[in-house]
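Everything below concerns the one structure shown next.
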Protein chains: 2
Amino acid sequence: MRVIVEPRRTYRLINHGPTTLISSAAGGKRNVMAASWVVALDFDPPKLAAVIGGDTYTKELVDASREFVVSLPTVAMVDLTYAVGNVSGRKVDKFERFGIRTAPASKVSAPLIEGCVAWLECKATPEPRMEEEYGLYAAEVVAAWADDEVFSDGLWRFPDDTRRTIHHLSKGIFFATGERVEARETPA
Amino acid sequence: MRVIVEPRRTYRLINHGPTTLISSAAGGKRNVMAASWVVALDFDPPKLAAVIGGDTYTKELVDASREFVVSLPTVAMVDLTYAVGNVSGRKVDKFERFGIRTAPASKVSAPLIEGCVAWLECKATPEPRMEEEYGLYAAEVVAAWADDEVFSDGLWRFPDDTRRTIHHLSKGIFFATGERVEARETPA
């Protein structure tokens, strides 16, 4: 079930550096792209930054709406994640082309991507220099959601390997988020 | 063996979103901190951005030198990674305190952290607004290195589980970089 993630725990959805899908919508058009270059910027209120390349259709829609959604795909979704990263939304409607189901977000016009395990609704803060120089969009996360079978009480607990989040290396090679390893408390 | 990583492949060292150690040096002082909020910004010449908190000793040293090194710790190093993220270098010399061995970098004054599996030598580009507003330092990677038993030909090939890179969730809970999953080519 999709449940709200508290603002103070929202950074934990992306702190482990997963590859994401960024969806956008403006003027009756919508799009989705794959993005590995997403990073947390602050805890509470939660902020993140995402690189959205200069020649992408997503950039056009984000520039128009100043909103986007970051969704976290799973091992079961690697083919889809790679596919939406390799086709431009200017040429095809990727939602139709790849049978991507969506759900409405609560505070932004961009849709949530179904099948993912977490969703961050983002409103971009105007940072013209960052956007022009690096394609880097700073945003406040205005609402966050997670599948409570996979993320609950602020922790990832992957119930099976197909629902692990993923980390793109290059050219369709991904790594699943792997085994949990706990550090010992630092001695005083 | 530590070998050079070509500029065009350098992004592959951090594309999967691992947690890092950031080392710095200035005026005869040095420090190391843990940082999960590191992201690639560009391919070639390779650039990255790292959040370096406003009240950290690392920020002081980076502001003075405009240089830092991003090293990638492993599963074997989770205790150390957590420890250097929880103690300020203003209070203790973390290198002495935790027995951290270093090697000189090739192009910057900050040291490489031994035991890690990749190293990115960085020179910060002046971006006063990003640095002040988000603690976000944009940098060019002026040299990059990897342990060729773990990263070679542009690919991660973890020879054993202790040398996998790590991804911090929160409070000492990490995930190892997990199983390799390959996407199918997108049908035309």
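The values are calculated or read from the model by the stated rules, or taken from the named source; none is laboratory data. What you see is a predicted model; the values in this text were computed from it and never measured. All Cβ positions, glycine included, derive from the backbone under ideal geometry; neighbour counts span all protein chains shown. These accessible areas exclude ligands, DNA and RNA; they are computed on the full protein's heavy atoms, side chains included. Shrake-Rupley method; radii C 1.70, N 1.55, O 1.52, S 1.80 Å.
Numbers for the structure displayed
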read-out: Residue among A:PHE175, A:PHE158 that is assigned to a loop (DSSP other than H, G, I, E, B), under 20 Å from B:ALA176 (Cβ atoms) and not charged (D, E, K, R); value: A:PHE158
read-out: Residue check for A:GLU185: surrounded by fewer than 18 Cβ atoms within 10 Å (Cβ to Cβ), within 12 Å of chain B (Cβ to nearest Cβ) and either within 16 Å of the chain's Cα centre (by Cα) or in a helix (DSSP H, G or I) (or both); value: no
read-out: Considering residues of segment B:125-174 that are basic (Lys, Arg) and more than 10 Å from chain A (Cβ to nearest Cβ) only, the residue surrounded by the most Cβ atoms within 10 Å (Cβ to Cβ); value: B:ARG163
read-out: Those residues of segment A:86-106 which are open to solvent by 50 Å² or more (accessible area, probe 1.4 Å) and either on the phi > 0 side of the Ramachandran plot or among the small types (Gly, Ala, Ser) (or both), in sequence order; value: A:GLY99, A:SER106
read-out: Single residue of A:ILE4, A:ILE113 found to be open to solvent by less than 30 Å² (accessible area, probe 1.4 Å) and aliphatic (A, V, I, L, M); value: A:ILE113
read-out: The one condition in (1) in a helix (DSSP H, G or I); (2) in contact with a strand residue (DSSP E or B) (Cβ under 9 Å, 6 or more places away or on another chain) that B:ALA34 fails to fulfil; value: (1)
read-out: Filter result for B:THR81 (among the hydroxyl-bearing types (Ser, Thr, Tyr), touching a residue at least 60 places away in the same chain (Cβ under 8 Å) and open to solvent by less than 10 Å² (accessible area, probe 1.4 Å)); value: yes
read-out: Hits in segment B:64-101 (condition: under 22 Å from B:GLU131 (Cα atoms) and small (Gly, Ala, Ser)); value: B:ALA64, B:SER65, B:SER71, B:GLY85, B:SER88, B:GLY89
read-out: Residues that are out of contact with any Ser or Thr (no Cβ under 7 Å at 6 or more places or on another chain) and touching a residue at least 24 places away in the same chain (Cβ under 8 Å), drawn from segment A:18-36; value: A:GLY27, A:LYS29
read-out: In segment B:39-52, residue nearest to A:ASN15 (Cα to Cα) [restricted to those that are more than 10 Å from every other protein chain (Cβ to nearest Cβ) and open to solvent by less than 60 Å² (accessible area, probe 1.4 Å)]; value: B:ILE52
read-out: Condition met for A:ARG30 (away from chain B (no Cβ under 13 Å), at pLDDT 95 or above, under 25 Å from A:ASP148 (Cβ atoms) and open to solvent by 10 Å² or more (accessible area, probe 1.4 Å)); value: no
read-out: Meets criteria (more than 14 Å from chain A (Cβ to nearest Cβ) and without any contact (Cβ under 8 Å) to a residue 40 or more places away in the chain) for B:LYS107; value: yes
